[in-house]
Amino acid sequence: MTDFNYVGKRVPSIEAPDKAQGAGRYVTDLNLPGMLWGKILRSPYPHARILNVDASKARKLRGVKAVVTGDDPRNVLHGPIIADEYILAKDKVRFAGEEVAAVAAVDPDTAEEACELIGVEYEELSFVTDPQEAVRPDAPSIHDVENNIANAGDILHGDPDAAFTDAAAVAENTYGTSTVHQCYMEPMACVSEFDTGGRLTMHLGVQNPWMAKMRYAEILGMSQQDVQVIHTFIGGGFGSKMEHSMHLITALLAKDARRPVRIDHTRGDEFIATRPRVAMTIYNKLGADTEGRLLAKEADVLADNGAYTDYAPAITGIAAYRIDNMYRIPNVRSRFRLVYTNKAPSGGFRGFGNAQGAFAIESTMDMLAETLGMDPVELRLRNLVQQGDTTTHGFYIGSIGLRECIEGATRAIGWREGRNRNGSPAAEGRVRRGVGIACCIHVAGFRGFFKEFDGSSARVRVNEDGHVFILTGEVDIGQGSRTIMAQIAAEELSVPIEDVRVSNVDTNVTPACLGAFATRTTTLGGNAVLNAARDARRQLLEHASGMLECRAEDLGLSGGEVFVEATPDRRLSLAEVARSATFAAAGNPILGIGSFTPPNVVLPAPNKYGNVSTAYPFAAHAAEVEVDIETGFVKILRLVAGHDAGKVINRLAIEGQVEGGVTQGLGYALMEDITMGDGNVLNANFYDYRIPTMQDIPDIESFFVETSEPTGPYGAKGVGEPALVPTAAAVSNAVYNAAGVRITSLPITPEKVLEALEEKGEVFV
């Protein structure tokens, strides 16, 4: 008898064959009968008043079926947190690239020509793209708010002033993080169509289909039951593929044209009009006693919102406080401000504010260690939170393996030798080597994201032939969650994983789930599938007890068979039981119903206090770098990533997640930045916007500390976002160890390194 045990194994992605053979359908593979092509006319100005829009010539062009502009009565304000953005610009444009009008035509060329025929009369206004400038009283007013501040908040726990007064050592600095794009392989696209009853179907590759459906129904003034979102394959998301005005524009065009409409973003559209990472300036201050115990932290975060408010208020708050929860810091004061600028709205990117906050605090930790004359690793180990702690901000730590992550990473990178080898700042020679470390805490679900509920639900159906079908509203955006859910169901029902299918998300069919964000899918969605599979197993055993004339509790299920444990020869195949149960219920199959509501998780209070997640993953990354002090070039030699993700369900998938996250983190650290000139993006393509390639990626060594998270499926936590969060700080700390200069703004470019060396008085001759 074969045991079908899959949890903890290296299981290839169940989506891989379709993707490798080109069989997976993405939005741009859809070509519905009668489908039209949409194009968007964008603003050439970063800030201007719209005096007039004349679309008469476009409407007369042969092949044009619909045109929408900002004066459409359906063009309403919307926003997930602050309603400050119209579907199409109305009265004013606030960034270069903003959607002003759109057309639907029989082919892309006709749609493009029609856009060119739309006449827009603008009155240019002064603009501001720097948040530091935007908060000044004389700055251009982007929205009707004081000092262009879209959102602000304060956090206070304990008495930081007294603690800093008592501190034996204090370190402080100001850090800058860059505007970086998610650079997923597949640009955004959408197909919208209405049926004859006025019901809307949207084909989308988004991270949150059910939330998108809810929001789009509200914005379009429609009933929830009249909006359907069908999820396609998605070529990456990394936080950006959430709700977007482009999706709503396709709906308006489809309604008017009475035909399906598809809009595809170009790569240039992605760079100028989607939601890049929120750039921030972060002041950070830490104080400790003579033994290196942290006493206080102070932070001041100024964040670049862009022209409209997406999820940046939540992101900015997270940057101000989440990373604190990794350490025992009794006294904390943080201030955060989110500022409007004349740039594309900023939004979610893998890490959701935590990467920005980690760069600041983990750099300051190294500075504090130097002030104390202490090894940076020892300082971290001395201050780690422990299992059972409730942190200063109210996080309950149910499991933690961060100490083991730090110890394993430093051992693998050769910490002692690396700190003192020719990488010492005092070493001579053109090429210097150094090592650095940084850590992070993250969430596995975030109660503050959707106020109505957190958690997940699923259905597990056992068909009459014994095959299993999982119905879930959670989405796989490349992280491998569909495979993990198949592993869980196969493990619980003891069937071959080849006999398990996982649904595509269709909001008319699949359960309501929140989607892929906050590293929540494995922990919350996996728990829902686990509970549904156990419910299906219970029903199978109850039916089999009648067939085998025994009690259900006397039965076992293994190797695809149900058997009496005391007399194993009395057995039935799972298919036999499922067939009998289905026919006994007039065709209704075994249907396990499962849900998971995280225990002890609460909405954060206004001061950000509260246990906002069901579990907290941890990570420590150690980097070895080489710095050429003649050119300023930084080369990453090795990167060791230790992760506490609880029980590892799929080792193959988790290794891929870490390698991908580290790669994005290295781009964040060394090269990526959307640059502006005269209010326009100057590097809106992959020639000018550089991302890491194979030549830039070092050996990435990952290992996993398997703690048992009480609330996770089989003890699992998430890993998707922590895979990126500490990387940039680890690299920055290694650069300091190698060259003796601390680069406080990302990316760490050769120019910044040379400038810092020159200021230090070290010029290689």
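The values are calculated or read from the model by the stated rules, or taken from the named source; none is laboratory data. None of the values given here were measured: they were computed from a predicted structure. So basically every Cβ, Gly included, is an ideal-geometry build from the backbone, and we count neighbours across all protein chains shown.
For the reader, a short list of remarks on this structure follows.
- In the range 653-689, residue surrounded by the fewest Cβ atoms within 10 Å (Cβ to Cβ) [restricted to those that are of a type in the set (A, V, I, L, M, F, W, C) and out of contact with any strand residue (DSSP E or B) (no Cβ under 8 Å at 6 or more places or on another chain)]: PHE686
- Residue match in the range 405-417 (condition: in contact (Cβ under 8 Å) with a residue 12 or more places away in the chain, out of contact with any Cys (no Cβ under 8 Å at 6 or more places or on another chain), farther than 26 Å from VAL627 by Cα and not hydroxyl-bearing (Ser, Thr, Tyr)): no
- Candidates TYR283, TYR340, TYR311: the one that is crowded, with 22+ Cβ neighbours inside 10 Å, over 25 Å from GLY235 (Cα atoms) and in contact (Cβ under 8 Å) with a residue 12 or more places away in the chain is TYR340.
- Some residue of the range 517-528 being part of a loop (DSSP other than H, G, I, E, B), of a type in the set (Lys, Arg) and touching a residue at least 40 places away in the same chain (Cβ under 8 Å): yes
- Unique residue being touching a strand residue (DSSP E or B) at 6+ places or on another chain (Cβ under 9 Å), of a type in the set (A, V, I, L, M, F, W, C) and within 29 Å of GLU370 (Cα to Cα) when the list is ALA729, ALA716: ALA729
- Within the range 190-199, considering residues that are in contact with a helix residue (DSSP H, G or I) (Cβ under 9 Å, 6 or more places away or on another chain) and surrounded by fewer than 23 Cβ atoms within 10 Å (Cβ to Cβ), the one farthest from SER334 (Cα to Cα): GLY197
- Those residues of the range 690-699 which are in contact (Cβ under 8 Å) with a residue 24 or more places away in the chain and either over 21 Å from the mean Cα position of the chain (by Cα) or surrounded by fewer than 12 Cβ atoms within 10 Å (Cβ to Cβ) (or both), in sequence order: ASP696, ILE697, PRO698, ASP699
- Some residue of the range 494-501 being assigned to a helix (DSSP H, G or I), closer than 23 Å to ILE654 by Cα, free of Cβ contacts under 8 Å to residues at least 24 places away in the same chain and not β-branched (Val, Ile, Thr): yes
- THR290 of a type in the set (Ser, Thr, Tyr) and either surrounded by fewer than 23 Cβ atoms within 10 Å (Cβ to Cβ) or not assigned by TED's automatic domain parsing to the domain that holds ASN173 (or both): yes
- The helices (runs of 4 or more DSSP H) found entirely in the range 363-425 that carry 2 or more residues being in the same structural domain as THR281 (by TED's automatic domain parsing) and under 26 Å from GLY176 (Cα atoms) are 376-383.
- Boolean, ALA723 is touching a residue at least 12 places away in the same chain (Cβ under 8 Å) and part of a loop (DSSP other than H, G, I, E, B): yes
- Here the condition is being within 30 Å of SER13 (Cα to Cα), touching a helix residue (DSSP H, G or I) at 6+ places or on another chain (Cβ under 9 Å) and either crowded, with 24+ Cβ neighbours inside 10 Å or not assigned by TED's automatic domain parsing to the domain that holds GLY153 (or both); of ALA641, ALA581, ALA566, ALA575, it holds for ALA641 alone.
- The range 5-52, subset in contact with a Leu (Cβ under 9 Å, 6 or more places away or on another chain) and surrounded by fewer than 20 Cβ atoms within 10 Å (Cβ to Cβ), residue modelled with the highest pLDDT: ARG49
- Flag for VAL301 being of a type outside the set (S, T, N, Q), free of Cβ contacts under 8 Å to residues at least 60 places away in the same chain and in contact with a Gly (Cβ under 9 Å, 6 or more places away or on another chain): yes
- The residue of the range 174-203 that is nearest to ARG690 (Cα to Cα), among those that are small (Gly, Ala, Ser) and in a loop (DSSP other than H, G, I, E, B), is SER178.
- Conditions (1) of a type outside the set (Asp, Glu); (2) out of contact with any helix residue (DSSP H, G or I) (no Cβ under 8 Å at 6 or more places or on another chain); (3) buried (at least 23 other Cβ atoms within 10 Å of the Cβ); (4) over 20 Å from SER456 (Cα atoms): number failed by PRO209: (4)
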